[in-house]
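Visitor: Before we start, here is the structure in question, set down as structure tokens.
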Amino acid sequence: MVAAALLLTGAYGCSGAAHRPAPARSATTSAPVAKPAPEPPALGLTEDNASLLWSPDGPSPAPPAFQSARTQLTALHPTYLRLLVDWAALQPQAGRPPALEAPVSGCARQVGPCGAYAGIGGELAAIASQQRAAGGGFRVVLDIFGTPEWAAQPGSGCETPGTAAFSRPLRPEAIASYRALIASLLALGRRYGVALEWWSAWNEPNDPRFLSPQRASCAAGSPAVSPDAYAQLARAMAAELRSAGGRHHLLLGELNDLELDTPHSTSIAQFVGSLPPDVICLGDVWSIHAYARHAPAPASTDAVGALERALDARGACGRDAHIWVTEAGAGAPHPGHPRPAGAADQQAGCRALAEQLRDWHSDPRVAAVFQYTFREDPAFPVGLVSADLSQLYPTYRLWLAWSQLSAAGRPPPTPGAACA
């Protein structure tokens, strides 16, 4: 949510511009060559409210109620800004193009302050203001999810009750519409002067909430079918980006941190292990979601380690891959549950996240870490500022210190220092 993926410019090639630098190699063996210290992971942020994304240093259409929060967000200086693209919401009818500039209320669900903006177009306009003001950063990462009803396959396999078209794989004939969505987003980026470099084919394809069914039957040992469905999307995205020309990178995976296989979900190991070989080699950056958990919640799983082991087992393309943690954060003891009240819980969550950041900083394969989200989503309370923008959580101070120390080439702050 930094290592470079395959560069799509009419033919695949490798670009090292976004990688942590590789150790220097010497043609002689007479003296050891000092290895340069790896760069710290880049900071990313998921936030799609345009009123929060406008640069605070210039004119903007954002309401005054957002000014302070805009300043706080900008102070983080994120290298990457991850935007979620809900295709089902953007294109509910097959005969109409995706509504990329449809009005959005700007509320956090029903919580104000609100400030309407023109959808993804409004987000890109705000991002452009940040790129002009800072001269760098706020590089866009697009993550697509949500199958429109008209594009979805009928129900099949081992599905949970109430599964909707939103979660189902695409009909074969809808792949062309998926590619058309990508093309329309590229055109929108050109119109607003924002390069759309990084692309993820589908969000959490190993989770039935985003891709269902995961298996053809609920019988024990039933093989996963979701990797094949994801492979079709990744190939289609790669082909569309290749045909468009320019600099585009494919971000593979975007996996939920599932380490156990069930009838309705697929572990990181099985998902990566079941992908066709050509998909493993479509890019050399993979993404995973990993949230900090603290007592009384179950201990955090080592999602990054699980992904690294799964990739290593897939040969050279997997072993060369770097990792982005595109969703990280702390708040509810179990993400998606209500955030407990009280400063003690906020401090405990902050310390758990700080420990994760220190672990990832020491892992040379982890090239970027993204906070999800800046403004709290009441249904997924792991943000840095409350939904009404009135309260900064301790995790904001952690990310701010982490960003400042990283820019100075220093290691992350200790949990005690950052979360006090």
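The values are calculated or read from the model by the stated rules, or taken from the named source; none is laboratory data. As the structure is a computational prediction, the values presented were derived from the model and not from experiment. For neighbour counting, all protein chains shown are included, and Cβ atoms are generated from backbone atoms with ideal geometry for every residue, glycine included. Heads up: the accessible areas ignore ligands, DNA and RNA and are worked out on the full protein's heavy atoms, side chains in. Shrake-Rupley method; radii C 1.70, N 1.55, O 1.52, S 1.80 Å.
Visitor: Condition test on L398, is it among the aliphatic types (A, V, I, L, M), at positive phi and in contact with a Leu (Cβ under 9 Å, 6 or more places away or on another chain)?
Guide: So L398 fails the test.
Visitor: Output yes when any residue across region 226-233 is modelled with pLDDT of 95 or more, closer than 21 Å to L188 by Cα and more than 20 Å from the chain's Cα centre (by Cα), and no when none is.
Guide: No.
Visitor: Would it be correct to say that A99 is part of a loop (DSSP other than H, G, I, E, B) and surrounded by fewer than 22 Cβ atoms within 10 Å (Cβ to Cβ)?
Guide: Here the answer is yes, as A99 does meet what is asked.
Visitor: Hey, another quick one. Quick one: count up the residues across region 281-306 that are assigned to a loop (DSSP other than H, G, I, E, B) and surrounded by 20 or more Cβ atoms within 10 Å (Cβ to Cβ).
Guide: Total meeting the criteria: 7.
Visitor: Of the residues R358, R319, R375, only one is closer than 25 Å to L83 by Cβ and of a type outside the set (A, V, I, L, M); which?
Guide: Numbers: R358 fails: closer than 25 Å to L83 by Cβ; R319 fails: closer than 25 Å to L83 by Cβ.
Going through R358, R319, R375 in turn, the sole match is R375.
Visitor: Can you tell which of R309, R375, R314, R397 is of a type in the set (K, R) and buried (at least 20 other Cβ atoms within 10 Å of the Cβ)?
Guide: After ruling out the rest, the residue left standing is R375.
Visitor: Just to check your reading of the model, which residue among A176, A201, A187, A183 is in contact with a Lys or Arg (Cβ under 9 Å, 6 or more places away or on another chain) and within 25 Å of R247 (Cβ to Cβ)?
Guide: None of the other options fit; the residue is A201.
Visitor: Can you pull out the residues in region 203-223 that are surrounded by 20 or more Cβ atoms within 10 Å (Cβ to Cβ), in contact with a Pro (Cβ under 7 Å, 6 or more places away or on another chain) and assigned to a loop (DSSP other than H, G, I, E, B)?
Guide: Scanning region 203-223 gives L211, Q214.
Visitor: Now a separate question. Kindly evaluate L258 against the criterion of being modelled with pLDDT of 95 or more, open to solvent by less than 60 Å² (accessible area, probe 1.4 Å), closer than 26 Å to E308 by Cβ and out of contact with any Pro (no Cβ under 6 Å at 6 or more places or on another chain).
Guide: Judged against the criteria, L258 is not a match.
Visitor: With the structure loaded, tell me whether Q91 is within 24 Å of the chain's Cα centre (by Cα) and either farther than 25 Å from F380 by Cα or crowded, with 22+ Cβ neighbours inside 10 Å (or both) or whether it fails that test.
Guide: yes
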